[in-house]
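This report concerns only the one structure given below.
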Amino acid sequence: RMFNKPIFIKNAISKERAKIICDYLMLKEKVANRLMADGYIPHNACEWGTFNDTFVDRAFSMYSDILCENLLKDLVPLMEKKTGMKLIPMYSYARVYHKGSELFKHIDRRSCAVSTTLFAGGDKWSFFYRDEAKEVEVKFNPGDMLIYDGPKYTHWRKPFKKKNCVQIFLHYNEKKKGAKLNDGRPFLGLPKDYYGQ
C-alpha cells in the first residue's frame, strides 16, 4: 500500500470541468434556496441539499449529487494510480461555503478511509490537517485535489473571509471482501438513507 501520507494532485480535473461543476452547484444552491423559501419543496429535501450541515455553518451542502457522483466514479483510475490501492467508490459530498463559514476540526467516518477534497472554484480557501505534531496548510487552484486518510488525519478550515468557495469531497474505500460499495446504497446517486428493500 503506497498511500500513507496525503497526496496533492495538481489539475486532477481540468479547469473547464471544475468551472462547470462550480457554476452548477452555485446555481443549484440558489434554486434550492428559492424553492424552499417559497414552500415549493420542504426544507432540506435530500435531492436538493441542505443548509444545516453539522460540520460547518453558513454553507450549502449536498450528499450524492448526481454530477458529483459521476466525478467520484470517473476518478477511480486516477485514485488507484496515485494511492497504489484497488478502490471502490463510497459517496460524494459537495459544499458551497460563504463568508463566515468555518469547517471545525474533525476526522471522518471509516467509509472515508480514502478521502479527497477538490477545489471547484470561487474564492481560494486553505485546507489544514495535522500531521503528527505539525499543522500543514494546503492551497488549491481550481481542479486541484488532495487525497488523505479521513479517519486518520484531523482536518479543518479557518473562518472564511471571502465571498464563496465550492469544494467537492470524494470518498473511497479499499476494495476487499465484505466492503460496502456505494456507502451501502444499491448504486451511486441515491440519497444517503436509501438502502433498498
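Select from the range 165-197 the residues that are polar (S, T, N, Q) and either at pLDDT below 85 or open to solvent by less than 20 Å² (accessible area, probe 1.4 Å) (or both) and write down the one among them that is nearest to Y24 (Cα to Cα). Write out each step before concluding.
Of the residues in the range 165-197, the ones polar (S, T, N, Q) are 167, 173, 182, 197.
Okay, now just the ones that are also either at pLDDT below 85 or open to solvent by less than 20 Å² (accessible area, probe 1.4 Å) (or both), so 167, 182, 197.
Details: Q167: 12, N182: 23, Q197: 32 Å.
Ranking the qualifying residues of the range 165-197, first place goes to Q167.
Checking the conditions here, which among N11, N52 is open to solvent by 30 Å² or more (accessible area, probe 1.4 Å), assigned to a loop (DSSP other than H, G, I, E, B) and in contact (Cβ under 8 Å) with a residue 40 or more places away in the chain?
Details: N52 fails: in contact (Cβ under 8 Å) with a residue 40 or more places away in the chain.
Sole residue among the options that is open to solvent by 30 Å² or more (accessible area, probe 1.4 Å), assigned to a loop (DSSP other than H, G, I, E, B) and in contact (Cβ under 8 Å) with a residue 40 or more places away in the chain: N11.
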Just checking, does the range 74-86 include any residue being surrounded by fewer than 22 Cβ atoms within 10 Å (Cβ to Cβ) and in a strand (DSSP E or B)? no
Please enumerate the residues belonging to the range 24-40 that are surrounded by 14 or more Cβ atoms within 10 Å (Cβ to Cβ) and within 22 Å of P142 (Cα to Cα). Y24, L25, M26, K28, E29
Pairs only if they're at least six apart or on different chains, beta carbon under 6 angstrom, first in the range 65-78 and farther than 15 Å from I147 by Cα, second among the small types (G, A, S); list them, first residue then second. D65/A94; I66/G189; C68/S92; C68/A94; E69/S92; E69/G189
Could you tell me whether the range 36-48 includes any residue that is closer than 22 Å to K192 by Cβ and part of a helix (DSSP H, G or I)? yes
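Residues A94, A59: which one is of a type in the set (G, A, S) and in contact with a Lys or Arg (Cβ under 6 Å, 6 or more places away or on another chain)? Full working, then the answer.
On the way: A94 fails: in contact with a Lys or Arg (Cβ under 6 Å, 6 or more places away or on another chain).
Matching residue, one of A94, A59: A59.
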Of all residues being of a type outside the set (K, R) and in a loop (DSSP other than H, G, I, E, B) in the range 87-114, which is surrounded by the fewest Cβ atoms within 10 Å (Cβ to Cβ)? Just the residue, please. G100
When the residues of the range 34-62 are filtered to those that are over 16 Å from the mean Cα position of the chain (by Cα) and among the small types (G, A, S), which remaining residue is modelled with the lowest pLDDT? A45
Is it fair to say V31 is modelled with pLDDT under 95 and either farther than 13 Å from F169 by Cα or hydroxyl-bearing (S, T, Y) (or both)? no
Selected residue (only one of E137, E132 is in contact with a strand residue (DSSP E or B) (Cβ under 7 Å, 6 or more places away or on another chain), free of Cβ contacts under 8 Å to residues at least 24 places away in the same chain and farther than 22 Å from W48 by Cα): E137
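The values are calculated or read from the model by the stated rules, or taken from the named source; none is laboratory data. Predicted model only: the values in this text are computed from it and were never measured. Heads up, the Cβs are rebuilt from the backbone with ideal geometry, glycines too, and the neighbour counts pull from every protein chain shown. Quick note on the areas: whole protein, heavy atoms, side chains included, nothing else; ligands and nucleic acids left out. Shrake-Rupley method; radii C 1.70, N 1.55, O 1.52, S 1.80 Å.
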